[in-house]
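Working notes, structure below.
The values are calculated or read from the model by the stated rules, or taken from the named source; none is laboratory data. Note that the structure is predicted; figures quoted are calculated from it, not measured. Here Cβ is always computed from backbone atoms with ideal geometry, including for glycine, and neighbour counts include all displayed protein chains.
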Amino acid sequence: MSKPLSRRALLRLAPLERRFYQRDTTEVARALLGTLLLRELPEGLVAVRLVEVEAYLGVGDRACHTFAGRRTPRTEVMWGEAGRLYVYFTYGMHHCANVVTRDAGVPEAVLLRGAVPGFGREAVVARRHGREGRALLDGPGRLCQGLGLDRADNGADLTSRGGVWLADDGLRLPDQWVRRGPRVGVASAGEAAAWPLRFRVELDAPAAGT
DNA sequence: GACCAGATGTACT
DNA sequence: GTACATCTGGTCT
């Protein structure tokens with residue numbers, strides 16, 4: 001990767017601005033690949049680089065929590081302003097984190113599915129009970145566990161350095177490194193199941209895998 | 001790689 | 001009240 005990350009350098013990075021998130025959701029998903037997700041934990045600062053995301057296109061997307069205009073206490077954050085974190089609990093034991101996009105009233109989001117550690121790796125591994133490799137942060141539930149994200153972080157503003165935010169350290173990923181395909185776990189979503197809204201990049205081995 | 005159990009919040013009847 | 005979920009980890013092949 002680029003030069004080694006330091007706490008000082010990371011804290012100097014400007015958080016991504018709200019404008020970044022107010023664009024087309026698919027565009028935001030692609031742009032999020034390679035950016036840094038920063039998290040202030042009791043153990044210290046953690047930074048991970050996003051390598052897999054999925055776009056969820058709101059009221060017209062059967063796989064999306066807000067399909068057909070569903071607006072409930074859980075999905076309320078998705079209906080609000082862009083640049084906030086939408087965290088929900090699923091399968092009785094896992095959390096999933098999304099980034100809200102578009103304008104208020106347009107409930108779309110990008111699910112954060114996978115990352116690789118960049119700084120504060122020890123804290124992440126400890127929270128993942130010593131797991132390494134693909135099992136460390138590959139999967140939305142794992143990502144949340146590794147970064148200590150839960151419903152307490154629902155609605156967090158990602159555009160300022162609070163407990164969790166996103167920043168760009170200048171890494172640019174060429175399109176040929178990016179794999180695009182159908183989303184995971186949405187088989188029952190009708191035609192929406194086939195939409196190529198999943199973006200993944202292999203930072204270590206660009207040519208491998210899906 | 002395929003299969004399956006696990007534990008509970010959320011949405012909907 | 002009840003069906004099911006934007007999954008993960010463990011087991012077996």
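Among the residues of segment A:99-106, are any buried (at least 17 other Cβ atoms within 10 Å of the Cβ), at pLDDT 95 or above and within 8 Å of DNA strand C (Cβ to nearest atom)? No, that holds for no residue.
Out of A:Glu54, A:Glu40, one residue alone is touching a residue at least 40 places away in the same chain (Cβ under 8 Å), within 12 Å of DNA strand C (Cβ to nearest atom) and in a strand (DSSP E or B). It is A:Glu54.
Inside segment A:75-94, can you point out the residues that are more than 9 Å from DNA strand C (Cβ to nearest atom) and either in contact with a Leu (Cβ under 6 Å, 6 or more places away or on another chain) or not in a helix (DSSP H, G or I) (or both)? A:Gly80, A:Glu81, A:Ala82, A:Gly83, A:Arg84, A:Leu85, A:Val87, listed by residue number. Say we look at segment A:142-187 and pick out the residues that are surrounded by fewer than 16 Cβ atoms within 10 Å (Cβ to Cβ) and within 15 Å of DNA strand B (Cβ to nearest atom); which of these is modelled with the lowest pLDDT? The extreme case among them is A:Ala187. Exactly one of (1) within 26 Å of A:Glu27 (Cβ to Cβ); (2) assigned to a strand (DSSP E or B) is unmet by A:Val59. Its number? It is condition (2) that A:Val59 fails. The requirement of being in contact (Cβ under 8 Å) with a residue 12 or more places away in the chain, assigned to a strand (DSSP E or B), closer than 21 Å to A:Gly34 by Cβ and touching a helix residue (DSSP H, G or I) at 6+ places or on another chain (Cβ under 9 Å) is fulfilled somewhere in segment A:100-107, by at least one residue. In segment A:116-129 there is at least one residue matching the filter, namely being in a strand (DSSP E or B) and either within 11 Å of DNA strand C (Cβ to nearest atom) or over 16 Å from the mean Cα position of the chain (by Cα) (or both). Against the list (1) under 23 Å from A:Gly146 (Cα atoms); (2) within 14 Å of DNA strand B (Cβ to nearest atom); (3) touching a Leu at 6+ places or on another chain (Cβ under 8 Å); (4) assigned to a loop (DSSP other than H, G, I, E, B), the condition A:Gly34 fails is (2).
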